[in-house]
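This report concerns only the one structure given below.
The values are calculated or read from the model by the stated rules, or taken from the named source; none is laboratory data. These numbers come from a predicted model, not from an experiment. So basically every Cβ, Gly included, is an ideal-geometry build from the backbone, and we count neighbours across all protein chains shown. Only protein heavy atoms, including side chains, enter the accessible area calculation; ligands, DNA and RNA are left aside. Shrake-Rupley method; radii C 1.70, N 1.55, O 1.52, S 1.80 Å.
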Amino acid sequence: MEIGTIDVSPGEFDTGWLEVTGLPTGGAERLPLVVARGELEGPTLWLTGGVHGDEATGIVVAQDVVHEQLTETLCGTLVCVPVVNPAGLRRNARTSYYGDHDPNRYFPDPESDSERPPNTQERIDRRLFEEITDTADWVIDLHTARIDSLPFVIRDRVLYGDRRNSDDAEELSERVGTLAAAFPFPTIREYPAAEYLEENLQRSAAGAALNGAGIPAITVELGGHSVVDEGIRAAAVEGVYRAMANFDMFDDGPPSPPNRTSVGKREISPPVEYDVRRALHPRTETAGLVRHRVKPGDVLSAGDPVADVVTPTGERIDVVEADQDGFVISRNEGLAVFEGDPVASMAVRDDGALVAERS
Ligand SMILES: [Zn+2]
């Protein structure tokens with residue numbers, strides 16, 4: 001199997017690089033690669049982290065999952081790209097400095113024609129995407145969310161139409177569900193189809209793999225950004241191994257994760273029993289300073305207060321209430337809010353279908 005500078009035979013482990021664009025200062029922008037290939041045949045899992053440069057826990061999970069001993073029990077191949085966005089990592093920022101674009105919105109979408117020439121970030125994403133679609137049977141993309149966020153798995157809806165019929169979409173969605181269930185975190189469905197397309201999430205790494213290439217893929221959000229959360233890291237490494245075991249990628253059961261810390265793993269059960277989807281919700285109609293009344297994990301009913309909005313001198317001028325049932329994923333960052341701003345990220349009740357026609 002050849003990827004970038006790596007060429008591994010069965011039973012081999014190697015690290016290397018995938019060049020994705022030239023640099024004005026000489027040399028190339030290159031993504032680090034770690035590949036473990038088992039002696040025995042099996043599927044290929046791609047594990048990516050650091051699509052956003054400040055999402056620390058995702059990067060270290062990708063580093064910790066892969067090691068040389070895996071080749072002894074692995075059936076198939078694990079390809080890890082711990083840092084998909086080195087330009088973001090260098091400045092500890094979400095976006096790259098190639099036009100300050102969000103790398104997770106520029107992966108190819110075979111069903112949308114663009115009239116403009118592709119920008120640098122788009123070209124980088126395309127080169128990585130071509131490598132992924134050449135070999136991947138499954139994709140797990142590791143991210144983090146807002147400060148103090150619960151960890152969760154995002155399950156994208158599978159779109160049907162030109163590229164697949166609804167039966168194939170259902171089957172693909174089922175495989176996505178199996179992948180998501182391997183993690184000890186709540187599964188949260190992605191935005192409904194129209195909003196998903198409006199936000200260009202079919203061009204995220206997992207969205208493009210899933211809806212563009214038809215490869216089962218999930219995004220895992222590993223708590224808050226910028227600092228490694230050791231408890232979530234430990235739980236997520238086990239989650240990846242469990243997913244691999246579910247695809248029969250281990251001859252003899254999943255390996256023990258490397259023991260890096262005395263912090264116990266942090267697993268989170270879903271706080272509600274009904275299906276939920278992600279929503280930036282609720283929103284304030286009043287500008288001011290936000291004083292939250294909730295914390296991540298709180299279960300809310302429609303009508304429950306989520307935050308007070310106060311003046312700079314501390315007088316309450318509004319109460320923002322949930323208008324749907326669900327639970328709090330995180331509070332929005334920043335004390336100041338303008339009209340229309342969300343004050344929280346919530347998982348709200350979802351009765352919609354997991355597959356949808358692309359129109
Ligand atoms: Zn991210």
Inset, instruction - Would you check if VAL153 is within 13 Å of ALA209 (Cβ to Cβ), hydrophobic (A, V, I, L, M, F, W, C) and within 17 Å of the chain's Cα centre (by Cα)? - result: no
Inset, instruction - Report the residue count in the stretch 84-95 for those that are part of a loop (DSSP other than H, G, I, E, B) and buried (at least 22 other Cβ atoms within 10 Å of the Cβ). - result: 2
Inset, instruction - State whether one or more residues within the stretch 55-69 are more than 16 Å from the ligand (Cβ to nearest atom) and assigned to a strand (DSSP E or B). - result: no
Legend entry - Residue match in the stretch 33-48 (condition: aliphatic (A, V, I, L, M), within 16 Å of the ligand (Cβ to nearest atom), within 21 Å of the chain's Cα centre (by Cα) and part of a loop (DSSP other than H, G, I, E, B)): no
Inset, instruction - Scan the stretch 213-232 for residues that are in contact with a helix residue (DSSP H, G or I) (Cβ under 7 Å, 6 or more places away or on another chain), away from the ligand (no atom under 15 Å from the Cβ) and on the phi < 0 side of the Ramachandran plot and jot them down. - result: ALA213, ILE215, PRO216
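Each row is one residue, and each column tells you yes or no for (1) open to solvent by 20 Å² or more (accessible area, probe 1.4 Å); (2) of a type in the set (Gly, Ala, Ser); (3) in a helix (DSSP H, G or I); (4) farther than 26 Å from PRO82 by Cβ.
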position: GLY231; (1), (2), (3), (4): no, yes, yes, no
position: ALA235; (1), (2), (3), (4): no, yes, yes, no
position: GLU238; (1), (2), (3), (4): yes, no, yes, no
position: MET244; (1), (2), (3), (4): no, no, yes, no
position: SER256; (1), (2), (3), (4): yes, yes, no, no
position: GLU267; (1), (2), (3), (4): yes, no, no, no
position: GLU285; (1), (2), (3), (4): yes, no, no, yes
position: VAL290; (1), (2), (3), (4): no, no, no, yes
Inset, instruction - For the stretch 42-69, enumerate the residues that are of a type in the set (D, E, K, R), modelled with pLDDT of 95 or more and open to solvent by 20 Å² or more (accessible area, probe 1.4 Å). - result: ASP54
Inset, instruction - For the stretch 292-322, name all the residues that are over 25 Å from GLY224 (Cα atoms) and open to solvent by 80 Å² or more (accessible area, probe 1.4 Å). - result: PRO312, THR313, GLU315, ARG316, ILE317
Inset, instruction - Can you work out which of the residues in the stretch 7-37 that are aliphatic (A, V, I, L, M) and touching a Ser or Thr at 6+ places or on another chain (Cβ under 6 Å) is surrounded by the fewest Cβ atoms within 10 Å (Cβ to Cβ)? - result: VAL34
Inset, instruction - Check ASP125, ASP156, ASP148 and return the single one that is among the acidic types (Asp, Glu), under 17 Å from ALA181 (Cβ atoms) and within 16 Å of the ligand (Cβ to nearest atom). - result: ASP156
Legend entry - Of all residues in the stretch 215-229 being open to solvent by 30 Å² or more (accessible area, probe 1.4 Å) and not hydrophobic (A, V, I, L, M, F, W, C), the one that is nearest to the chain's Cα centre (by Cα): HIS225
Legend entry - the stretch 323-357: number of residues that are surrounded by fewer than 21 Cβ atoms within 10 Å (Cβ to Cβ) and of a type in the set (Lys, Arg): 1
Legend entry - Looking only at the stretch 128-145, and only at residues there that are touching a His at 6+ places or on another chain (Cβ under 9 Å) and open to solvent by less than 10 Å² (accessible area, probe 1.4 Å), the one that is nearest to the ligand (Cβ to nearest atom): HIS143
Legend entry - Counted residues, the stretch 233-281 - those being within 16 Å of the ligand (Cβ to nearest atom) and not hydrophobic (A, V, I, L, M, F, W, C): 2
Inset, instruction - Inspect all residues belonging to the stretch 70-81 and state whether any of them is away from the ligand (no atom under 16 Å from the Cβ), open to solvent by 30 Å² or more (accessible area, probe 1.4 Å) and part of a loop (DSSP other than H, G, I, E, B). - result: no
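Does ASP275 qualify as being loosely packed, with under 13 Cβ neighbours inside 10 Å and in contact (Cβ under 8 Å) with a residue 60 or more places away in the chain?
The answer is no for ASP275.
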